[in-house]
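Have a look at the structure below, then the notes.
The values are calculated or read from the model by the stated rules, or taken from the named source; none is laboratory data. Bear in mind that the values here come from a model prediction, so they are computed numbers and not experimental data. Cβ coordinates were reconstructed from backbone atoms using ideal geometry, including for glycine residues, and neighbour counts include every protein chain displayed.
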Amino acid sequence: MKFAGLVKQSLVDYPGEVTAVLFTRGCNIRCPFCQNTHLLLRSPRVSEPVITLEEAVEFLKERLGFLDAVTVTGGEPTLYEELPDALAAFKELGYLVKLDTNGTNPAMLQQLITSGILDYVAMDIKAPLDYRKYLRACGKLTTEEFFNVRSSIRLLMETNIEVEFRTTVVPLLHPPEDIEEIARYIQGAPLYSLQQFNPSVTLDTDYGAVVPYTRQEMQALADRCAPFVQNVRVVNI
Ligand code: SF4
């Protein structure tokens, strides 16, 4: 398995832990507000450096005692069949393992949870669980992928590992009642993060002109979600 990037130390990607962050390349959907536009295509440009699994493991061995966790994000990491082996290698070193996912691969998610490799999953919920709304927020999405997202939510609602659901809140896509609808859908979830949309880099350049909700408006959205989930927080990305 190869990675497209490494952040050697982050204090914000794994709540309460110091984590390294590894990025995978390629994504099966195309959210118009995506900020990781350089990671969307699976094949790197010829000149682009890649980090092999062996190099990542070597780095993590050197950092034992300084880092608590490894976070794998993308792109969409579950596109890689080799992901479970890579995460198992990190776990074997003694690290906590976190996966960020768009939820379109519940089979792999189930496999990772059952085998005890994962400690934390952060899953995006792009919109209320209505196909047309979800498709608009994802740019492209098959009905199978849509049903997979629903399955992943169900799976994560029933697991014992740490789970975070999160939505990048874009005023053009998410009127306040839609954010509340998502919170109602994941009623009882341990953590729902509302991520502030950042228009400085967007896949669809039209989204660069979208004005984000203010800090106060984001807090009002969080207050609206609070009755339905155990914890809700506003996050800047
Ligand atoms: S924001 Fe959307 S398009 Fe971008 S990497 Fe995440 S799931 Fe893929």
Checklist entry - Is there any pair linking a residue in the stretch 107-128 that is within 23 Å of Gln187 (Cα to Cα) to one that is assigned to a loop (DSSP other than H, G, I, E, B) and within 16 Å of the ligand (Cβ to nearest atom), with Cβ under 6 Å and at least six apart or on different chains, and which? => result Met123/Gly103; Asp124/Asn102
Checklist entry - Say we look at the stretch 9-48 and pick out the residues that are among the hydrophobic types (A, V, I, L, M, F, W, C) and away from the ligand (no atom under 15 Å from the Cβ); which of these is surrounded by the most Cβ atoms within 10 Å (Cβ to Cβ)? => result Ala20
Checklist entry - Does the stretch 79-102 include one or more residues that are within 15 Å of the ligand (Cβ to nearest atom) and assigned to a loop (DSSP other than H, G, I, E, B)? => result yes
Checklist entry - away from the ligand (no atom under 11 Å from the Cβ) and surrounded by 12 or more Cβ atoms within 10 Å (Cβ to Cβ), is that true of Ile51? => result yes
Next on the checklist: Name the residue that is surrounded by the fewest Cβ atoms within 10 Å (Cβ to Cβ), counting only residues in the stretch 117-147 that are assigned to a helix (DSSP H, G or I) and within 14 Å of the ligand (Cβ to nearest atom).
Outcome noted: Arg136
Checklist entry - Out of curiosity, is Val201 out of contact with any helix residue (DSSP H, G or I) (no Cβ under 9 Å at 6 or more places or on another chain), at negative phi and within 16 Å of the ligand (Cβ to nearest atom)? => result no
Checklist entry - Based on what the data block shows, is Val57 modelled with pLDDT of 95 or more, within 15 Å of the ligand (Cβ to nearest atom) and surrounded by 14 or more Cβ atoms within 10 Å (Cβ to Cβ)? => result no
